[in-house]
Structures are given as structure tokens and as C-alpha cells.
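Only one structure is covered here, and it is reproduced in the block below.
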Amino acid sequence: MSNFRRSFSNFWKVFRRSRMGLVGAFLLITVLLVATFAPLLTPYTPTQIIRGPNNRPLIYAPPSVHPPLGTDDAGHDVWTLLAYGARVSLLVGFIAGFISVFIGSTLGTLAGFYGGKTDTLLMRTTDVFLVIPDLPLTIILIAVIRQANVGIPTLVVLIAVIGLLYWTTTARLIRSQVLTVKERQFVARARAIGAGNGHIMRKHILPLVLPLMTANTVLVISTAILVESGLAFLGLGDPSQPSWGTMLHFAFERNAISVGAWWFYLPPGLAIVWTVLGCVLLGNVLEEIFNPRLKSHHLEGDTNVVASSRH
Amino acid sequence: MSRRDYIFRKAVFALVTLLIVFTINFLLFRILPGDPVRSVIGRNVRISREVQQALREQFGLDKPIIPDQYLNTLGQYAQGNLGVSWSLRRPVGEVLMAKLGNTLLLVVLGQFFSIILGVTLGLLAGWKRKTKIDVSALTFSLIMWAVPTFWLGIMLLALGSSWLGLPTGGMVDPKNIGKPFLEVLPDVARHLVLPTLTFTLIYMGEYMLIMRSSILEVLSEDYILTAKAKGMSHWQILRKHALKNAMLPIVTLIALNLGFTVSGAIYIETVFSYDGLGKLFQDALAKQDFPLLQGAFMLLAIAVIVANMAADILYTYLDPRVKQV
């Protein structure tokens, strides 16, 4: 435990100096808080229709009439939709992201560790998935599952399809990491004292790949959130559980743009950018800490010719 | 391995990938409930049972799915026969070809601007690492990465149509349809401004990031230090040594990016009602027109796979180190 605490405090020392990482963590934490406490942040529910003094639904009421963010095409409170939408977007993004990372890491670890034919087979498969245009494939899969009408909830279908298709980058990344780790001495020593493949992978390889895997997970989640928003925008979301993408779908389909109802199409987009940017900033900083690359290059700092005074 | 072997291997890989895409497509089609005959003749056409049976025999649908039907469909696809669209009641291949040109126009314009701007910006950012240029370019790229393509399109549509009076959708004003090409050209250009801008903004961030990391790697090589020691100016070093090497990964990534470009086209064409493959795909989705969806998917997949193979081959000519791969 003290070991863990020490490595965490080391990590924190590096992390807190990175402004990008702190901003990313802030963005992500605020969204998580809004999603968690959504019912406490609004007096309405997402399906509740807001009515005016004459008992007619308030349709496309601007924020000045119905603060803080006005109403949508059916009279729902936009802020409520936004707060509850965070739950759907994050849920799909996180679970789908975890599935992707799990598949990618498993395949990457197996390929990197066993090498040879296993590696060739798994990496060729990855290459195939890498060149198949993923959005059209995702759309067709979801459309077919819907048409087949097997009674699986829409959100589950979205999570499963996104999770099963977006693992290729993780597989490659983890494989290359495993390739370097398995050449280390302690792996040879473990093998010399009779450790099996499973034991070596679990006890010696996994702990060293785990940090990078964590960083990658954050990035994959951001991809999953983006993909979900896109699919929902194209009308593949669950209208009864609107995500930010679903909101934009309705805003676009129900003429929010020509009506000038910016309060309906601006906030969901900003929310997506906020969340995805949070993931990307955090993920990139984590990756840099766990997998440091070059610190400087030869033309940096000085613009004068010949050798600089730095050296 | 000689270059001929390498190209041969890439071609085999491309063919295998195509076959896998076809198989996924074929199997998905068979999972669907309903009568496959309908997919060939259109959903709403009334025909007698005898004719249906005759058609079933003609198309081999009375035979087992694997291998007879599978091979039969494969043969049909190989001849360019992709079935009949349910909603448009026209051959899928014909419908697709009619829209291909429009999408290519948009994609080529968008890629052109995003590559030029992204590569230039990436070069500057990498060279002037940790300066204001670098930080602002990085921030811009990260934000562009986080912005959903369709939402950027919506925002530009809202801003462009109200402030600049640009058209909100389509390829050409209805009153200009049928006029001679040169007369319509300015109008088409006006319609292309917003979709192309969306495309450019979304993809230039990505090219910028790739170019930046690529140039950073090259600039930390020893031969750059040697060049500097010889007294070459920064510009000379960048032009003569760095740029050529840093451009190499870009070539592969442009091809790999084509897959994502296809996705971008679906969103952008939907937002701007641009009459191309992407909008066709979205329309087919809305109308549950499966033959059209699958034909479009097949065409998009072929485009990406062929482009990737081309990039792999091009790479062997560009990189002197991989002469003997």
C-alpha cells in the first residue's frame, strides 16, 4: 500500500505541474458532477413540458423568457435535457470505451507476448479493421440490429457496437509496449525460475502496461463519446433517453437553426467539446508522463546560425 | 523482399480485406428478417407468387446460403451488380455513381486545404516548439479534435447564413438548375464554401498534429545537428533535410485518414443537404433502404482499401530507406 502511495505522490508531483492536465481533469470532473447530481440541479424532469401563463407549452422560449437555457421544440427545459443528457453521453462513452480498451489490450498483449504466428494473425486482423471505414460499418450494424427487432435496448446496442469496433489503436499501442517490456531482464528471470506465460503476463507485464492503458482508456472514451454523439445526431439514438447528440438531432430536424433558437443547438455541442477536450487533455498528459518522448530538438530556442550559447 | 513481392503482398491483403468486407455485408443482409427476393425487386412492387418463385430460382435463392448464394452474390458484385434500391427502385450501382462525383469534389477540396494549411502550421509549430505559435496551434488542433464534425457544420451554417448570406444547403440554387455550366459555377462555389470550410477546419488540426510530431522527431536526429554545425540556416535545414523526411508519415496518414474522411462526408453532407454519397447514405438509413446502404458501404470500403494500397506502394518510392523492403 505504501508503495502505491509513493508512486501516486510521485505521479502527482509531475502531474500538477502540467497545466493542460489540470484543465483536462477540471473539465472532466465538472461533467461527472453534473451527470451524477442532475436531479438536484434542476426542478424539472427531461420529459416534463414547461407551460406558459395561458397553459400552452412554451415552444422555443428563449433564455430571457425561461432561464437559464430556454425550452426546445416540444417545450422541454433545455438545461434539464443537458444535465440528464450528460448521464447518457457519459454512460455510453465510458462503457463502450472500457469494452474497446479491454478488447484492444487483450489482443495487443497476446500479439506482443506470444509473437510469431499469433502476432501475425492478430495484427493482420487489426489492419483489416483499421481500413474498413468505421462509421458506415457502425451505422449498418446498428440499422440491421434495429431492423431485426430482437428487443435489445437502443443504448445497449450503441454501447456494444461502439465497444466492438473501436479497439484497433489500443491493440497496436499495447502490443508495442508489451514488445519492449517482455525483453526486460526480470521477465527472463521469472521464466528461469519456472513462471508460466499466464503468470508472467499478469504479474510482470500487466503492471508495466497498465499506466499507458489508463491514459489510452481516457482517449478511447473521448472517441466513444464523439461517435455516440454522431450516431445520435443521425437519428440512431434512443429518443426516450436523449443524449447531447439526440438533442442536436432534434434541433437540426425541427428547424432550431432557421428559427434562431441558438439556446437549443449551442449548449449540447459545447458540452460535447467540453467533455471530449477534458478527456483528450487528460489522456495526452497521462500518456506523456507514462511514456515520455523527446524533450527537445536541435533547432529549438535559437534562431541564430552556428552553435548556440546554450551548449 | 523486393518491391514486386511487397506490392504483391499488399494487393493480396487488399483483396482479403475486400472479401471480409463483402462477407460482413452479405451475412448482415441475411440476418435481416424478410424475403431476400424483395431486396432484388423492390419492397412495394406487387408481383404474383409464380413470378416470385421464378425470380427466386433465377437468383439462386432456393439454394443454400453457403456456399451457393454466397458465391452467386460475390459474382454479381464482381460484375458491378449491387442490387436494386428499395426506395428509389433503381440499380444501386447507378444511384451511387450519380452521387460519387459530388462527394469527390467536396472531399478533394476539403483535403487539399486541410493538408496545405495543416502541414504548414504543423511545420511552424514543431520548429518553433514551446513558443506562442506552437501553443496556439496545439490548442486549436485539440479543440478541433474535440468538436463533433456535424456540430461545427451546424454552427457554421447558422453563422454563415445569417451573417454572410451564404446558402444553407444543396449544391446549387433551384432557379439555376439547367443553366449552362459556366453560368452556374459561381453559385456552386458559394454553396461549397461552408461545407469545404467545415471539412478544412476539422481535418487541418489532425494534419497539424501529425506534422508537428513528425517534424519534432526529425529535428532531433543527429544529421540535423550536423547540418547546423556546417553553418546552414534554419530555413535551409528545414527545406533540404527535415521537410522531406517529415512528410513521409503524412503520406500514409492521408490514406488512412480517407476512412475518417468518409465519415466526415456523411455528417457534413447531412448538415448541408449536399447531394453526395454521404447524404445518400443518411437518406438510405432513414428509409431503411438496405441494398442501398450496403452498396454504399461496399463502395466506401473499396475506396479506402484501394487508397491505402496506393499509399503503401507510393511509400516505397518516396522513402529511399525502404527500397529493399
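Data overview
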| item | result |
| --- | --- |
| B:Ile133-A:Ser7 FRET efficiency (beta carbon distance; Förster radius 35 Å; 0.05 resolution) | 0.45 |
| P(r) of the stretch B:207-325 over all Cα-Cα pairs, binned every 10 Å from zero, in whole percent | 12, 29, 24, 17, 12, 5, 1 |
| Per residue convex hull volume, Cα atoms of chain A, in Å³ | 231 |
| 5 angstrom amide H check on B:Val84, placed H, neighbours 5+ away | B:Val92 |
| Two-site label geometry, A:Ser240 and A:Thr214: point separation in nm, points 7 Å out along Cα→Cβ | 3.9 |
| Highest-MSF residue in chain A out of A:Pro57, A:Pro211, A:Pro136 [GNM, Cα springs under 10 Å] | A:Pro136 |
| Pairwise FRET efficiency - A:Ala192 versus B:Leu104, Cβ, R0 = 60 Å, nearest 0.05 | 0.50 |
| Exposure proxy order (Cβ contacts within 10 Å, fewest to most) of B:Tyr274, B:Tyr6 | B:Tyr6, B:Tyr274 |
| Pairs of alpha carbons in the stretch A:46-122 whose separation is greater than 21 Å (percent) | 55 |
| All lysines inside 25 Å of B:Lys240 as judged from Cα atoms, apart from same-chain residues fewer than 8 positions distant | A:Lys295, B:Lys128, B:Lys130, B:Lys228, B:Lys230, B:Lys323 |
| Under 14 Å from the Cα of B:Lys10 - aspartates and glutamates, other chains or at least 8 residues apart | A:Asp127, B:Asp312 |
| Scaled radius of gyration (Cα, divided by 2.2 N^0.38 Å) that the stretch A:95-253 gives | 1.25 |
| B:Arg190-B:Asn72 pseudo-label distance in nm [points 7 Å out on the Cα-to-Cβ vector] | 5.3 |
| Folded to 0 to 90 degrees: helix B:243-271 orientation relative to chain B principal axis, Cα | 40 |
| Cα pair distances of chain B binned at 10 Å [whole percent] | 5, 20, 25, 23, 17, 7, 3, 1, 0 |
| Among A:Leu40, A:Leu277, A:Leu248: highest mean-square fluctuation, GNM of chain A, C-alpha pairs under 10 Å | A:Leu40 |
| Zone residues, the stretch A:218-259, relative to A:Ser64, backbone N less than 19 Å from point 7 Å out along Cα-to-Cβ | A:257-259 |
| Mean Cα-pair separation over length for chain B, i.e. relative contact order, pairs under 8 Å, 6 or more apart, % | 27 |
| Angle between chain A longest axis and helix A:134-148 axis [Cα atoms, degrees, rounded to 10] | 60 |
| Unit charges at the beta carbon, dipole of the protein assembly as shown: most positive-side option, A:Leu130, A:Pro153, B:Tyr77 | A:Leu130 |
| On Cα atoms only, tilt of A:2-15 relative to the major axis of chain A in degrees | 70 |
| Ranking of A:Thr106, A:Thr180, A:Thr138 by count of other Cβ atoms within 10 Å, fewest first | A:Thr180, A:Thr106, A:Thr138 |
| Whichever aspartates and glutamates have a C-alpha closer than 14 Å to that of B:Lys175, once near sequence neighbours (fewer than 8 apart) are set aside | B:Glu183, B:Asp187 |
| Where a label projected 7 Å from the Cα of B:Thr168 along Cα→Cβ would reach, residues of the stretch B:116-159 with amide N under 16 Å | B:153-159 |
| About the Cα centre, charge dipole magnitude for chain A (Lys/Arg +1, Asp/Glu -1 at Cβ), debye | 1400 |
| Net charge dipole size for the stretch A:123-266 [Lys, Arg +1 and Asp, Glu -1 on Cβ; Debye, nearest 20] | 880 |
| Cα point-scatterer Debye curve for the protein assembly as shown, base-10 log of I(q)/I(0) at q = 0.06, 0.07, 0.08, 0.11 Å⁻¹ | -0.38, -0.52, -0.68, -1.28 |
| Rg/Rg_ref, the stretch B:59-198, where Rg_ref = 2.2 N^0.38 Å and atoms are Cα | 1.57 |
| Pairwise FRET efficiency - B:Ile116 versus A:Leu41, Cβ, R0 = 35 Å, nearest 0.05 | 0.15 |
| Choice from B:Val51, B:Val218, B:Val16 with maximal GNM fluctuation in chain B (Cα, 10 Å cutoff) | B:Val51 |
| Convex hull of Cα atoms in the stretch A:1-40, direction-averaged projection (nm²) | 3.8 |
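Where a number appears in this text, it was derived from the coordinates with a stated rule and is not lab data. What you see is a predicted model; the values in this text were computed from it and never measured. When we count neighbours, we look across all protein chains shown, and the Cβ atoms used for this are built from the backbone with ideal geometry, even at glycine.
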